[in-house]
Amino acid sequence: MDETVAEFIRRTILKIPMYEMMTILKAWDFLSETELQTVNFRQRKEQLALDLVLRCEEKSASLSDAALLDIVYTQVHRHQKVWDVLQMSEGPDEDDDFFDMEQFKSSFTKTLQRALKNVTVSFRDGEENAVWIRIAWGKQYSQPNQYKPTFLVYYPQTPYAFVSFSPLKSTMPLVGQALKVASNHHQIVKMDLRSRHLDSLKAIVFKQYNQVFENHNSTTPLQERNLGLDGNVDPRIIHENTVEKERVLRTTEETFGVYPQPKLEFAQYKLETKFKSDLNRGILADREEPLRCLVKFSSPHLLEALKSLAPAGIADAPISPLLTCIPSKRKNYFKIRDR
């Protein structure tokens, strides 16, 4: 086994938390259960990694095997990366009734390798028919850097893919071209939607976040449902006006639904406007360039935080559509300009 492969496997094993070690190694499926049973998992992680590398060396593990281990680790720890959403469109004469996974993988790899010689591509199936793609990038005279790969998650026969880029942003056009060709799409754009929570991004673009709400029995009294928000309301706040409280809860439910919100960490708004004044004096009135500012809302769970504002008495109901339209618009980057 090559020294670079051994070091790659060792570093990947060291990243895995001990309580997940057996689960991830079993999912990797390179070492058999019988082989894993002979490993001492109670020793220090550094020594455990060396022992596992020796067993991989006995089985002549390849770079492809090591890359698969990294994909398994990333699938479990997908929240450690920032994901962008790619949206594709079909040409007028294109037909997506049939999808051949092997042909997709072959076409994707060949397209990348024609554009860049030193690149390695690995695939692994994921949940809901998704295919996970790992791309390690090299340069004209250097081998691919296995420690700064790009990950791409594509759902066949849909116009969406989710990508977490390596620091080399210049690789995005190459990924886009390979994905277009392999999936037989006409155009591809990066949506104004980004998060660490891959599952939430998927729920937003596939409109799966409201399934609980659609199946909810709307005849249940509002007082019984209560949106599950009272636990988050400051106990010092006394609702003297019960009618107003019910109106706020009802408005919040109509705006957000009663289902858990998708997880997003932020929403960003770029404002561009021009100063207007009938007096036509002062330096701002004569300014030709528009005024620009950036507003960013952030929270570990932004949409749930927004949902709780009005019931907590922090904001008036209804909340501004600029904040509540994030799932329906499928974006958390906004540009606001004068009309």
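The values are calculated or read from the model by the stated rules, or taken from the named source; none is laboratory data. Remember, it's a predicted structure, so these values are computed and weren't measured experimentally. In this analysis, Cβ positions are derived from the backbone assuming ideal geometry, glycine residues included, and neighbour counts consider all displayed protein chains.
Can you tell me which residues in the stretch 44-65 are aliphatic (A, V, I, L, M) and touching an Asp or Glu at 6+ places or on another chain (Cβ under 8 Å)?
Keep residues of the stretch 44-65 that are aliphatic (A, V, I, L, M), which gives 48-50, 52-54, 61, 63.
Of everything in the stretch 44-65, just one residue is aliphatic (A, V, I, L, M) and touching an Asp or Glu at 6+ places or on another chain (Cβ under 8 Å), namely 63.
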Within the stretch 322-339, the count of residues that are over 15 Å from residue 295 (Cβ atoms) and part of a helix (DSSP H, G or I) comes to 4
Single match in 32, 64 (criterion: in contact (Cβ under 8 Å) with a residue 12 or more places away in the chain and of a type in the set (Ser, Thr, Tyr)) = 64
Unmet criterion (only one of (1) more than 30 Å from residue 82 (Cβ to Cβ); (2) part of a loop (DSSP other than H, G, I, E, B); (3) at pLDDT 60 or above) for residue 254 | (2)
When residue 86 is run through (1) under 24 Å from residue 153 (Cβ atoms); (2) outside the structural domain of residue 187 (by TED's automatic domain parsing); (3) aliphatic (A, V, I, L, M), the failure sits at (2)
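Take residue 72 and tell me if it is in contact (Cβ under 8 Å) with a residue 12 or more places away in the chain and surrounded by 18 or more Cβ atoms within 10 Å (Cβ to Cβ). Spell out the reasoning first.
Numbers: in contact (Cβ under 8 Å) with a residue 12 or more places away in the chain: yes; surrounded by 18 or more Cβ atoms within 10 Å (Cβ to Cβ): yes.
Against the criterion (in contact (Cβ under 8 Å) with a residue 12 or more places away in the chain and surrounded by 18 or more Cβ atoms within 10 Å (Cβ to Cβ)), residue 72 qualifies.
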Could you tell me which numbered condition residue 73 fails, if it satisfies all but one of (1) over 31 Å from the mean Cα position of the chain (by Cα); (2) of a type in the set (Phe, Trp, Tyr); (3) within 20 Å of residue 149 (Cα to Cα)?
-> (1)
Taking the stretch 120-154, which residues are within 16 Å of residue 71 (Cβ to Cβ), free of Cβ contacts under 8 Å to residues at least 60 places away in the same chain and among the hydroxyl-bearing types (Ser, Thr, Tyr)?
-> 120, 122, 150, 154
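Could you count how many residues in the stretch 284-310 are over 29 Å from the mean Cα position of the chain (by Cα), assigned to a loop (DSSP other than H, G, I, E, B) and surrounded by 11 or more Cβ atoms within 10 Å (Cβ to Cβ)?
The first filter runs over the stretch 284-310 and keeps only residues over 29 Å from the mean Cα position of the chain (by Cα), leaving 284-291.
Going one step further and asking which of them are assigned to a loop (DSSP other than H, G, I, E, B), we end up with 284-290.
Checking which are surrounded by 11 or more Cβ atoms within 10 Å (Cβ to Cβ) leaves us with 284-285, 287, 290.
Of the residues in that region, 4 qualify.
State the number of residues belonging to the stretch 182-198 that are in a strand (DSSP E or B) and either buried (at least 17 other Cβ atoms within 10 Å of the Cβ) or among the β-branched types (Val, Ile, Thr) (or both). Let's see the steps before the verdict.
At the first step, the residues of the stretch 182-198 found to be in a strand (DSSP E or B) are 187-195.
Going one step further and asking which of them are either buried (at least 17 other Cβ atoms within 10 Å of the Cβ) or among the β-branched types (Val, Ile, Thr) (or both), we end up with 188-189, 191, 193-195.
Residues flagged as in a strand (DSSP E or B) and either buried (at least 17 other Cβ atoms within 10 Å of the Cβ) or among the β-branched types (Val, Ile, Thr) (or both) within the stretch 182-198 amount to 6.
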Here the residues within the stretch 315-339 that are farther than 27 Å from residue 161 by Cα and surrounded by 13 or more Cβ atoms within 10 Å (Cβ to Cβ) are 315, 317, 318, 319
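Can we say residue 142 is surrounded by 22 or more Cβ atoms within 10 Å (Cβ to Cβ) and farther than 24 Å from residue 99 by Cα?
No; evaluated as a whole, the condition is false for this residue.
Being at negative phi and buried (at least 17 other Cβ atoms within 10 Å of the Cβ) is the filter here; which residues of the stretch 246-257 pass it?
Restricting attention to the stretch 246-257, the residues satisfying the condition of being at negative phi are 246-256.
248, 249, 252, 253, 255, 256, listed by residue number.
Would you check if there is a residue in the stretch 35-42 being in contact (Cβ under 8 Å) with a residue 24 or more places away in the chain and farther than 20 Å from residue 143 by Cβ?
First, the residues of the stretch 35-42 that are in contact (Cβ under 8 Å) with a residue 24 or more places away in the chain: none.
No, there is no match, as no residue in the stretch 35-42 is in contact (Cβ under 8 Å) with a residue 24 or more places away in the chain and farther than 20 Å from residue 143 by Cβ.
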